[in-house]
Amino acid sequence: MNTPVPSTPDPDGLLAEQLLRLTRRLHRIQKRHLEPVGITPAQSRLLRTVAHYGDAPPRMADLAARLEVVPRAVTSLVDGLEAAGRVRRVPDPSNRRVIRIELTDEGRATLRELRSARRAAAEDILAPLTVEQREVLGGLLTALAGPVPGSGC
C-alpha cells in the first residue's frame, strides 16, 4: 500500500533542500576561486589544518583525525601537495618511525593566496545580503554548526 504524499509543504524538508542547494553552490564558488591558485578544496583544507599546528608539525594520523577522514585520504592529499612543493614529510625527532607534515615556504605563500580566494568567494556568496542579514546568518550558522575554531566565540 502506498503512503499518500502530503499536500501541505514540509517546512523542514524545504529548509533541508535549500541548505543542500546552498552547499552545492558554496562548493562551486569555492572551487572556481581556488582554481587560479592551483589547489583543490580538500588540499586547501589540509594546508590550513597543517598551518593550525604552527611550529609543531602534525603526524598524518593527527591530520586524518582532525579532518575526519581515513588516513589513506590524507596520504593522497599530502602526496599532491608535496609534489607541488607546498608541504614536506619530515621525521619526528623523537621517533624516526613517525612522519610529520610541515609547510614549506611555497605552502605558506599558497595559504596567503587562499585567504584572498576565500574572501573573494565569501563576498560572492554573501553579496545579496545586507550587513544585518550577514550578522543574523552568522548567528544562525553558529547555532547549527558551533563556533568557528580559533574565533574566540
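The values are calculated or read from the model by the stated rules, or taken from the named source; none is laboratory data. These numbers come from a predicted model, not from an experiment. Here the Cβ positions follow ideal geometry from the backbone for every residue, glycine too, while neighbour counts run over all protein chains shown. Ligands, DNA and RNA are excluded from the accessible area calculation, which covers all protein heavy atoms including side chains. Shrake-Rupley method; radii C 1.70, N 1.55, O 1.52, S 1.80 Å.
Side notes on the structure shown:
- Length gained on full extension, residue 140 to residue 116: 6.2 nm, using 0.36 nm per residue less the C-alpha separation.
- Local charge for residue 106 was computed over the other residues whose Cβ lies under 13 Å away, with Lys and Arg +1 and Asp and Glu -1, and equals 0.
- The length gained on full extension between residue 132 and residue 102, counted as 0.36 nm times the residue separation minus their Cα-Cα distance, comes to 6.8 nm.
- On Cα atoms only, tilt of 71-83 relative to the major axis of the chain in degrees: 60 degrees
- For region 28-110: Kirkwood Rh in Å [reciprocal of mean 1/r, alpha carbons]: 12.9 Å
- In terms of accessible area, using a 1.4 Å probe and ignoring ligands and nucleic acids, 99, 125 rank largest first as 99, 125.
- Cα convex hull of the chain - mean projected area over all directions, nm²: 13.9 nm²
- Loop-resident GluC sites (Glu not before Pro) (DSSP state other than H, G, I, E or B) in region 49-114 with no more than 16 further Cβ atoms inside 10 Å of their Cβ: 68.
- Rolling a 1.4 Å probe over the protein heavy atoms gives the chain an accessible area of 70 Å² per residue.
- Most mobile listed residue (111, 34, 137) in the chain, GNM with C-alpha springs under 10 Å: 137
- Prolate/oblate/rounded call for region 74-130, Cα gyration tensor, a/c under 1.5 rounded: prolate
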